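Engineer: Pasting in a structure now, in structure tokens, and then I'll have a few things to ask.
The values are calculated or read from the model by the stated rules, or taken from the named source; none is laboratory data. Given the structure is predicted, the values throughout are model-derived calculations rather than measurements. Cβ coordinates were reconstructed from backbone atoms using ideal geometry, including for glycine residues, and neighbour counts include every protein chain displayed. With ligands, DNA and RNA removed, areas are computed over all heavy atoms of the protein, side chains included. Shrake-Rupley method; radii C 1.70, N 1.55, O 1.52, S 1.80 Å.
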Amino acid sequence: MTRAILALAVLALALPAAAQAQTPKTNAPPGNSAIDEYLETVPGATGNQRPRPPARNGGDGAAVLSAAERARLERLGPDGETLADAVEATAPARETQAKPDVTLPEGEGRSPTRELLGAIGGNDGGGGGMGVVLPAILVAALLAVITTVLLRRRAAS
Amino acid sequence: MLGAAPAAQAARPLNIGFFDGLYFAAEPAERDAWLDRTTAVAAHTVRINIGWPAPNTVTRPPDFDARDPADPQYDFSRADAAIVAARGRGLQVLASFTGAPAWVDGPNRPAGVARGTWKPSTRALEDYGAALARRYSGRFPDPARPGQRLPRVKGFQVWNEPNLSKYLNPQWNGGRTASPALYRRMLSGFYRGVKSVDRRALVVTAGTAPFGDPQPGGNRVQPARFWRELLCLRTLRGQLRRAACPARASFDVLSHHPYSVGQPRRAALNADDVSIPDVRKLVRLLRGAERLQRVLPRKRHPVWVTEISYDSNPPDPDGVPEATHARYLQEAFYLLWRQGVDTITWFQVRDQLPGASFAATSQSGVFFHDGRPKLAAAAFRFPLVTERASTMQLRVWGRSPRAGRLSIQRRVGPSWRTLRTVKVRRNGTFFLRVNRFRAGDRLRARVADETSLVWTSR
């Protein structure tokens, strides 16, 4: 049940990110949107950059989560580790990652929600990416996981 | 506030005109009617796409003397008729072509690449340049009018938007650009051919498309990058420097097509893309190339815009409203003139029919398809633009369709009050300042019995 919820959350995150990676954002002259050669590529859209590598360790690009951030998530257990994988696989590249509305100083906060927001938001600033939507989706998924775990423990006890 | 202004204006001139396929493709009666409308809106130049009227065979035809415009395997009849009709109305002609017969393609053309776009032979372009220069030198006998000569063509434009794979291939070779060097060779070869016959004829580069693909391997090269590499330049700490160059480019005029996705003052988002207010990027590159002796001949090269336009609504539902269309046309002319452009050919005198879709066709004419004028026709003929110079002062720019004493007037209640008067030449530009302006002032220019559209200052 828990894994099913997690799988759904990862799928919901992966689809928009994959779509974003396939289709560069463009602007068209008024009235000539079907004339491809006159489309202006919007800088910072995913299609204007190399696709971010999915590899968690090494690969040919920097991971989204630092080692410390990943370690904090992994301390939450198998679910936290799975969520860390989901963040790595679907977040936009670090240099275009939007600052979310909620930012937390690193190292503060012990709840899984705070840990996850801190790991995703980071201090990169910049524009582009999914902005606060990505953290919101992940938070919702995490809450669903936590609720399920708690209910199972209550049922067991 | 009335200016003592009998002195003639010395503002840098601006030649304006149109590029429209109907000048070449339409039946004679229709073509002539549209040439008449072209002159009625005070156009000076027409860009006519005359093509490359040689046999379109895979191999070069035997016994074909490509340098001789009288060779029977050429068919210049349609081009001759269009040029005679235009020159007969006092219009200057820029004869352009893009694409080539199949035998001009380089070897090993990939299957997915259109014929006539693959590594065109420099030698073939040189021969064609010589043929064109000879035929339209003003001395060549007109086969359709015995005893008369074909008129002289002012300039020849080689290719169109060479930074697009639609017109030229390859654009990229792995992670490096290929089209700048390829087009440099094409341009220089064509230049040699033209100048071998007529040193006075102008060789105009193809106009580059405004946007490219930022990543290697796409279908386009960004125009500023295209010109930087064609001109064998590089930037180092913000300064232009020479780059390695097998041979310098040769041409007389640089051209660009600065279409915009927004209003005329909206700059391109990417550093190497070039919309209307970004043409200065290309002017800077060109002046740098001249200073660093990276372009031939060694002289100051003019900059032209051989395509620019906006679609209007009506008829295009996604076009700009008609009044805005007229405003954008005037503002584009002014902004380009300010950046040093001295010739502009607006894309289309007449709207295209939508065909499959409005989005894939152009309704950018200053006339509707049925011949009715849009507001843009009046704007084209007598453009007027104001721009805030300071809190209380306006710059006023325009182009007069008549010679005489021109008045700049401001709306005051129900009447018009003259702010300045200047003497102007026919089709001459004026550029002056008026004082005590307020945002929202409505101004117009008046010369003889003709007035411009009203321009609302902002």
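Engineer: Sort out which residues of segment B:267-285 are assigned to a helix (DSSP H, G or I) and either out of contact with any Gly (no Cβ under 9 Å at 6 or more places or on another chain) or within 11 Å of chain A (Cβ to nearest Cβ) (or both), and write them in order of number.
Structural biologist: Passing the criteria: B:Ile276, B:Pro277, B:Asp278, B:Lys281, B:Leu282, B:Arg284, B:Leu285.
Engineer: I'd like to know if segment B:287-302 contains one or more residues that are closer than 25 Å to B:Pro383 by Cα and either within 19 Å of the chain's Cα centre (by Cα) or part of a loop (DSSP other than H, G, I, E, B) (or both).
Structural biologist: Within segment B:287-302 (the criterion being closer than 25 Å to B:Pro383 by Cα and either within 19 Å of the chain's Cα centre (by Cα) or part of a loop (DSSP other than H, G, I, E, B) (or both)), the answer is yes, since at least one residue qualifies.
Engineer: Taking segment B:218-232, which residues are open to solvent by 10 Å² or more (accessible area, probe 1.4 Å) and away from chain A (no Cβ under 11 Å)?
Structural biologist: Scanning segment B:218-232 gives B:Arg225, B:Arg228, B:Glu229.
Engineer: For the structure I just gave you, tell me whether B:Leu335 is out of contact with any helix residue (DSSP H, G or I) (no Cβ under 7 Å at 6 or more places or on another chain) and more than 10 Å from chain A (Cβ to nearest Cβ).
Structural biologist: The answer is no for B:Leu335.
Engineer: Next question. Could you figure out which of (1) surrounded by fewer than 17 Cβ atoms within 10 Å (Cβ to Cβ); (2) farther than 22 Å from B:Asp36 by Cα isn't true of B:Ala81?
Structural biologist: So B:Ala81 meets the others, but not (2).
Engineer: Next question. So for segment B:55-70 (the condition being modelled with pLDDT of 95 or more, acidic (Asp, Glu) and more than 27 Å from B:Val349 (Cα to Cα)), does at least one residue qualify?
Structural biologist: Yes, there is a match, as at least one residue in segment B:55-70 is modelled with pLDDT of 95 or more, acidic (Asp, Glu) and more than 27 Å from B:Val349 (Cα to Cα).
Engineer: Looking at segment B:108-136, which of its residues are under 20 Å from B:Gly207 (Cβ atoms) and part of a helix (DSSP H, G or I)?
Structural biologist: Listed by number, the residues that qualify are B:Leu125, B:Tyr128, B:Gly129, B:Leu132.
Engineer: Residue check, B:Gly288 against (1) open to solvent by less than 10 Å² (accessible area, probe 1.4 Å); (2) within 11 Å of chain A (Cβ to nearest Cβ); (3) not β-branched (Val, Ile, Thr), all met but one. Which one?
Structural biologist: Of everything listed in (1) open to solvent by less than 10 Å² (accessible area, probe 1.4 Å); (2) within 11 Å of chain A (Cβ to nearest Cβ); (3) not β-branched (Val, Ile, Thr), B:Gly288 misses just condition (2).
Engineer: Among the residues of segment B:139-166, write down those that are within 23 Å of the chain's Cα centre (by Cα) and in a loop (DSSP other than H, G, I, E, B).
Structural biologist: Within segment B:139-166, B:Pro151, B:Arg152, B:Val153, B:Lys154, B:Trp159, B:Asn160, B:Glu161, B:Pro162, B:Asn163, B:Ser165, B:Lys166 qualify.
Engineer: Next question, about the same structure. Restricting to segment B:291-327, give me the number of residues that are out of contact with any Leu (no Cβ under 7 Å at 6 or more places or on another chain), of a type in the set (A, V, I, L, M) and closer than 29 Å to A:Pro29 by Cα.
Structural biologist: 2
Engineer: Hey, can you tell me all the residues within segment B:333-358 that are crowded, with 17+ Cβ neighbours inside 10 Å, hydrophobic (A, V, I, L, M, F, W, C) and over 17 Å from B:Pro264 (Cα atoms)?
Structural biologist: B:Val349, B:Phe358
Engineer: Got a number for residues in segment B:297-332 being over 27 Å from B:Val93 (Cβ atoms), acidic (Asp, Glu) and buried (at least 23 other Cβ atoms within 10 Å of the Cβ)?
Structural biologist: Selection size over segment B:297-332: 1.
Engineer: State yes or no: is B:Ala244 open to solvent by 20 Å² or more (accessible area, probe 1.4 Å), within 14 Å of another protein chain (Cβ to nearest Cβ) and in a loop (DSSP other than H, G, I, E, B)? Outline the logic, then answer.
Structural biologist: Values: open to solvent by 20 Å² or more (accessible area, probe 1.4 Å): yes; within 14 Å of another protein chain (Cβ to nearest Cβ): no; in a loop (DSSP other than H, G, I, E, B): yes.
It is false that B:Ala244 is open to solvent by 20 Å² or more (accessible area, probe 1.4 Å), within 14 Å of another protein chain (Cβ to nearest Cβ) and in a loop (DSSP other than H, G, I, E, B).
Engineer: Still on this structure, I have one more. Within segment B:249-266, take every residue that is in a strand (DSSP E or B) and away from chain A (no Cβ under 14 Å) and give me the one that is nearest to the chain's Cα centre (by Cα).
Structural biologist: Going through the qualifying residues, I end up with B:Ser255.
Engineer: If you check every pair at least six apart or on different chains, which have Cβ atoms under 8 Å apart with a residue in segment A:22-41 that is more than 7 Å from chain B (Cβ to nearest Cβ) first and a residue that is charged (D, E, K, R) and not in a loop (DSSP other than H, G, I, E, B) second?
Structural biologist: Matching pairs, first to second residue: A:Thr26/A:Glu40.
Engineer: For the subset of segment B:379-398 comprising residues that are surrounded by fewer than 19 Cβ atoms within 10 Å (Cβ to Cβ) and among the small types (Gly, Ala, Ser), which member is nearest to B:Val279 (Cα to Cα)?
Structural biologist: That would be B:Ala389.
Engineer: Would you pick out the residues in segment B:90-103 that are in contact with a Lys or Arg (Cβ under 8 Å, 6 or more places away or on another chain) and not small (Gly, Ala, Ser)?
Structural biologist: If the condition is that a residue be in contact with a Lys or Arg (Cβ under 8 Å, 6 or more places away or on another chain) and not small (Gly, Ala, Ser), then B:Gln92, B:Val93, B:Leu94, B:Trp103 are the ones that fit.
Engineer: What is the residue count in segment B:55-73 for residues that are in contact with a helix residue (DSSP H, G or I) (Cβ under 7 Å, 6 or more places away or on another chain) and either closer than 30 Å to B:Arg37 by Cα or open to solvent by less than 20 Å² (accessible area, probe 1.4 Å) (or both)?
Structural biologist: Here the count works out to 2.
Engineer: Okay, moving on. Only one of these is under 22 Å from B:Asp342 (Cα atoms) and open to solvent by less than 50 Å² (accessible area, probe 1.4 Å): B:Asp272, B:Asp252. Name it.
Structural biologist: B:Asp252
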